[in-house]
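One structure follows; several queries about it will come next.
The values are calculated or read from the model by the stated rules, or taken from the named source; none is laboratory data. What you see is a predicted model; the values in this text were computed from it and never measured. Cβ placement follows ideal geometry from the backbone for every residue including glycine, while neighbour counts extend to all protein chains displayed.
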C-alpha cells in the first residue's frame with residue numbers, strides 16, 4: 001500500500017482544533033523530504049480507479065484526495081471476517097456491532113456510516129467491479145454479501161467524488177475482484193476456532209487461452225459468542241475473462257445464501273450478570289443473492305479507451321425481529337436491479353501539457369417490493385404493509401486533470417489541476433399495494449462540482465488541496481418513515497403520506513501532505529471539513545424497536561487523519577495512525593425524539609453525534625525472524641462515545657477501550673498455516689449503546705442497552721497451493 005501525497009495551507013476556517021495539529025504534522029512531514037529532495041527515488045505509482053475497471057487509473061500524485069489501497073495479500077492481512085475488518089487498520093475506520101455478530105458491523109469513517117442497519121446517517125458508497133452495492137432500501141451495505149476473499153484490490157477514497165457519485169459524502173470503497181493468472185492454482189483451505197467456527201474454502205484459477213478463469217467456493221458456520229446466535233454463510237464466485245489484442249473483457253457471477261442470527265444489545269442490568277445473554281433470541285437475517293457483472297475495456301487508439309459494464313442483481317431477504325413489548329415482525333424484501341455504465345478515458349497532451357479526461361454515463365433501475373407481517377404466537381400473522389418502489393438512478397460526469405507545470409523544483413516536481421462535475425438524478429415511484437397513503441413519485445437531482453490541486457515537490461514530498469460537493473437523496477425506507485407519525489419497526493417500510501424529506505448536500509474542504517523523509521519511512525497527514533445541509537437523521541423514539549427519519553438542518557464533520565509506516569527490509573514492519581474526528585450539530589437548536597424521559601431532547605449547536613469517537617489510535621508491528629515465519633501484534637484505541645438517543649450529550653458515554661490482537665503465520669513451499677488470538681488481554685468493552693425500555697422489568701424502565709464485544713478468542717487455519 002502506498003499512502004497518498006498531502007497538502008498546503010488549511011482552508012478550514014473556524015475549525016475547533018484540527019488546524020493546529022495539521023500545521024505540526026506538515027512541518028514534521030515536509031521538512032526532511034524537502035531537505036533531501038535531490039535524493040528522490042522512483043516509487044511505483046499507485047493507480048486509483050473509478051468503479052473498477054471503468055477507468056485506466058491515475059497516478060496517486062494526480063489525485064487531490066486521501067486514498068489508501070490494499071493489494072493482493074494486504075487484503076487478507078489479519079485474516080479479516082469481512083470488508084470492515086480488512087479496513088480497520090486504516091486511519092479513522094471504526095467498527096461497531098449493533099447486531100452482536102461479526103458479519104454485520106457498522107463502519108464509521110469521518111462521522112459517516114456504512115451499515116446493514118439503520119442508525120447514524122449513511123454516507124459511504126461501496127462498489128464491486130463497477131457495481132454499487134448500497135441497497136436502494138436505505139443505502140445500507142450488507143457486508144456479509146461482499147466476496148472479500150476474492151478481492152485483488154480494495155481502495156478507500158475519502159471525501160466526495162464525481163467518479164463514484166451520490167452518497168459518497170464521507171468516501172467510497174472500491175473493490176476489484178481477482179482473475180485467473182498464467183500459473184494454474186488449486187488451493188484448498190480450512191480454518192476454525194472459538195465459538196464453534198468452521199470455514200472451508202476451495203479456489204481454482206488459471207488460464208486456458210484465450211480465456212482466464214477463477215472459481216471459489218466458501219462455506220462458513222459458527223455458533224456465535226452470544227447465546228442462540230448460530231450463523232451460516234455459503235457462497236460461490238466465478239469469473240471468466242479474455243484479453244485479445246486491445247480488447248479486455250470479463251464476466252462474473254456470485255451466489256450467496258446466508259442465515260445469520262442476531263443477538264443485538266443487552267440491558268445493562270443483564271450485561272453485568274451474563275455478557276453472552278440474548279435479550280431477544282430468535283432474530284435472524286437470511287439473504288439470498290444472485291449477481292452477474294460484465295465488464296469490457298477497449299483501446300480505440302493509443303490515447304482513447306472506452307470502458308463499459310452491465311449487471312443484473314437479484315436479492316431476496318427475510319428478516320425476523322422478536323419484539324419484547326409488542327408483536328414480532330417478519331420482513332420479506334425482494335430487489336431486482338439492472339444497469340450499466342459507459343466511460344471514455346482520453347489521455348492526449350493539451351497545449352504541450354499532460355492531460356487526462358474522463359467522462360461517463362450510467363443508469364440503474366431497481367424494482368423493490370417489501371412486505372411486513374406482524375406475528376403473534378396465538379393469533380398467527382397479519383400483513384401490515386405491502387409496498388413497491390421503482391427506482392431510476394442516472395448520472396453523468398466529466399473530470400479533467402492537467403499538469404500545468406513540471407520541473408519547477410526538480411526533475412520530478414509537478415503541479416496538477418483537476419476540475420470535475422457530476423449530475424445525478426434519483427426518482428422513486430412508490431406504490432402502496434394495500435391502498436394506503438404511501439404511494440407517490442419523488443424526484444431528486446443535483447449538479448455537484450469538484451476542484452483540486454496537487455503540488456508535487458518531488459517523489460518524496462507532495463501536497464494537495466480540494467473542494468467538492470456531494471449529494472444523497474432520501475431512500476425508500478426513509479421516504480416511508482419520514483416523521484413521528486410513521487415510526488417503522490426495524491427495517492420495515494412505513495406508511496407516511498407525502499414525505500417531507502429533502503436531499504442531503506455536503507460541501508467538503510480537504511488538504512493533505514505525503515512525505516518520505518527516509519527510504520524506510522512514509523508519513524501522511526490530512527485535514528478535512530464537511531458542511532452539510534438537510535442531513536437525514538435516524539431517530540429511534542423507543543430505542544431498539546422503531547425508527548423514523550427527519551432532516552436536521554446544518555451539521556459538520558471535521559478532523560485530522562495522520563499516519564506513519566516504517567520498514568526494515570523484509571524483517572520488520574510497523575505502522576501508527578492517529579485520527580481526530582468531530583461530528584456535530586450546527587443549528588442553534590434541534591428538537592429530536594428520544595427514548596429518555598420525557599421523550600424529546602433539545603440539541604444545541606456543537607453537540608456531538610452519537611457513536612462517533614473523537615480520538616482513534618491504531619498501531620501494529622510485524623517481525624520476520626526467518627523468511628518462513630511472521631509474528632504480528634496489532635493494537636487499537638477508541639475514545640468514549642455518546643449513546644444513540646443522547647444527542648444532547650447529557651448522559652454517561654460509552655467508555656473508551658483498548659484492544660490487542662496477536663498472530664503468527666508460517667509458510668513452507670505450498671503450505672501456509674496461521675494462528676490468531678483476538679483480544680489477547682481479554683478486555684471487557686462495548687462497541688454500541690442506546691436507550692430503550694426494559695420490558696422484562698416492572699414498569700418497563702428505560703435502560704442503557706449495550707452490545708458486548710467478544711472476549712478472547714482464537715482462530716487457526718491451513719491452506720495448500722497445488
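Looking at this structure, is residue 316 in a strand (DSSP E or B) and over 25 Å from the mean Cα position of the chain (by Cα)?
Considered against the rule, which asks whether it is in a strand (DSSP E or B) and over 25 Å from the mean Cα position of the chain (by Cα), residue 316 comes out as no.
Do we find a residue being over 24 Å from the mean Cα position of the chain (by Cα), over 23 Å from residue 366 (Cα atoms) and modelled with pLDDT of 95 or more anywhere in the range 463-478?
Yes: the range 463-478 contains one or more residues that are over 24 Å from the mean Cα position of the chain (by Cα), over 23 Å from residue 366 (Cα atoms) and modelled with pLDDT of 95 or more.
Here is a further query. Quick one: how many residues across the range 227-240 are surrounded by fewer than 19 Cβ atoms within 10 Å (Cβ to Cβ) and assigned to a strand (DSSP E or B)?
Number satisfying all stated conditions: 5.
Oh, and also: For residues that are closer than 24 Å to residue 719 by Cα and outside any loop (DSSP other than H, G, I, E, B), scanning just the range 669-686, find the one that is nearest to the chain's Cα centre (by Cα).
In this case the residue turns out to be 678.
Also, quick follow-up: Given the structure, is residue 471 surrounded by 16 or more Cβ atoms within 10 Å (Cβ to Cβ), touching a residue at least 60 places away in the same chain (Cβ under 8 Å), out of contact with any helix residue (DSSP H, G or I) (no Cβ under 7 Å at 6 or more places or on another chain) and under 20 Å from residue 137 (Cβ atoms)?
Criteria met by residue 471.
Condition first: over 19 Å from residue 395 (Cα atoms) and touching a helix residue (DSSP H, G or I) at 6+ places or on another chain (Cβ under 9 Å). Now tell me which residues in the range 152-203 satisfy that.
Within the range 152-203, 152, 153, 154, 156, 175, 177, 178, 201, 203 meet the criteria.
Could you check residue 711 against (1) in a loop (DSSP other than H, G, I, E, B); (2) surrounded by 20 or more Cβ atoms within 10 Å (Cβ to Cβ) and say which number it fails?
Checking residue 711 against (1) in a loop (DSSP other than H, G, I, E, B); (2) surrounded by 20 or more Cβ atoms within 10 Å (Cβ to Cβ), the one that fails is (2).
Now a separate question. Would you pick out the residues in the range 282-299 that are surrounded by fewer than 16 Cβ atoms within 10 Å (Cβ to Cβ) and more than 12 Å from residue 253 (Cα to Cα)?
Listed by number, the residues that qualify are 282, 286, 298, 299.
Looking only at the range 102-123, how many residues end up being in a loop (DSSP other than H, G, I, E, B), within 25 Å of residue 715 (Cβ to Cβ) and in contact with a strand residue (DSSP E or B) (Cβ under 6 Å, 6 or more places away or on another chain)?
3
Answer yes or no as to whether residue 477 is part of a strand (DSSP E or B) and either in contact with a helix residue (DSSP H, G or I) (Cβ under 9 Å, 6 or more places away or on another chain) or farther than 23 Å from residue 530 by Cα (or both).
No, not satisfied.
On the basis of being surrounded by 18 or more Cβ atoms within 10 Å (Cβ to Cβ), within 24 Å of the chain's Cα centre (by Cα) and without any contact (Cβ under 8 Å) to a residue 40 or more places away in the chain, does residue 556 make the cut?
yes
Condition check: crowded, with 23+ Cβ neighbours inside 10 Å and either touching a strand residue (DSSP E or B) at 6+ places or on another chain (Cβ under 9 Å) or at positive phi (or both). Does residue 170 satisfy that?
yes
Here's the yes/no breakdown for (1) more than 30 Å from residue 276 (Cβ to Cβ); (2) touching a residue at least 40 places away in the same chain (Cβ under 8 Å); (3) part of a loop (DSSP other than H, G, I, E, B):
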{"residue": "157", "(1), (2), (3)": "yes, yes, no"}
{"residue": "168", "(1), (2), (3)": "yes, yes, yes"}
{"residue": "195", "(1), (2), (3)": "no, yes, no"}
{"residue": "225", "(1), (2), (3)": "no, yes, yes"}
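Now, a different point. When only residues in the range 245-274 that are surrounded by fewer than 18 Cβ atoms within 10 Å (Cβ to Cβ) and under 28 Å from the mean Cα position of the chain (by Cα) count, which is farthest from residue 197 (Cα to Cα)?
Of everything passing the filter in the range 245-274, 249 is farthest from residue 197 (Cα to Cα).
What number of residues within the range 67-84 are under 22 Å from residue 168 (Cβ atoms), out of contact with any strand residue (DSSP E or B) (no Cβ under 8 Å at 6 or more places or on another chain) and in a helix (DSSP H, G or I)?
Matching residues across the range 67-84 total 0.
Moving on. Working only within the range 530-539, note down all residues that are within 19 Å of the chain's Cα centre (by Cα) and assigned to a strand (DSSP E or B).
Matches in the range 530-539: 530, 536, 537, 538.
Is it the case that the range 170-181 has a residue that's without any contact (Cβ under 8 Å) to a residue 60 or more places away in the chain and under 27 Å from the mean Cα position of the chain (by Cα)?
yes
Looking at (1) surrounded by 16 or more Cβ atoms within 10 Å (Cβ to Cβ); (2) under 21 Å from residue 339 (Cβ atoms); (3) free of Cβ contacts under 8 Å to residues at least 40 places away in the same chain, which is the only condition residue 426 fails?
Status for residue 426: all satisfied but (3).
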